[in-house]
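To keep things clear, I will list the structure first and then write my remarks on it.
The values are calculated or read from the model by the stated rules, or taken from the named source; none is laboratory data. As the structure is a prediction and not an experimental result, all values here were calculated from the model. Glycine gets a Cβ as well: all are built from the backbone with ideal geometry, and neighbour counts include every protein chain shown.
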């Protein structure tokens, strides 16, 4: 009881001293400065984004990277950073998989989680013999993907679906003599799709699967088990230290805007190639 009284008395004394009043003023000033700083950063970001949109990305054509020349119908992506895609630095760590030479071995690509079509349309431009199935649960994403297909003149080689079911792969496998490549970015649902009930046709596919272990920490473990008998496995980690000398002419803030893919953590991809 005595200690409690001492503490309460001390608090009352401190709260009525000039020091306490100064501390409250200082605290309010800090809050104001932080709020003002955040506002200035938002205004700067908006200004610099508009400047990039009006200059570097005015033509809405991918500048570098595997899909150089890909045309966007509008300055809009679905669920990802538009500037990284337009510059061509998006998912740079796996860009070596998407070359015209590498894509020659495939007759069809299934893009699960196609978004606005960066990969689905991009691979069509690299290989004019490829056909593609673009899959996304978002109707807005499919709408944007269809627009991009039309913009790039490849609509006749792309089919669209709002859900992935195994009959899609079975039908494709019947009509294709070449291998099938599956690209998957389904925001944590990869273990549900590639489960133990996969059809035998999966053994003739190569796969590029973006892993979302930060959503479900056992995704990688499940996929490794399910593909252990049919595929060779390689894990690729996101490299945020990659250097792009061609960006040096831009300001530091503009470089950061372009390279910022707005990801919650460092990403990984599972590259699965069929056993020969």
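Looking at the structure I just gave you, is residue 107 assigned by TED's automatic domain parsing to the domain that holds residue 256 and at pLDDT 95 or above? Explain how you work it out, then say what you get.
Values: assigned by TED's automatic domain parsing to the domain that holds residue 256: yes; at pLDDT 95 or above: no.
It is false that residue 107 is assigned by TED's automatic domain parsing to the domain that holds residue 256 and at pLDDT 95 or above.
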Identify, from the list 119, 87, the residue that is at pLDDT below 95 and either assigned by TED's automatic domain parsing to the domain that holds residue 252 or over 18 Å from residue 256 (Cα atoms) (or both).
87
Has segment 126-149 got any residue that is in contact (Cβ under 8 Å) with a residue 12 or more places away in the chain, within 22 Å of residue 273 (Cβ to Cβ) and assigned to a helix (DSSP H, G or I)?
yes
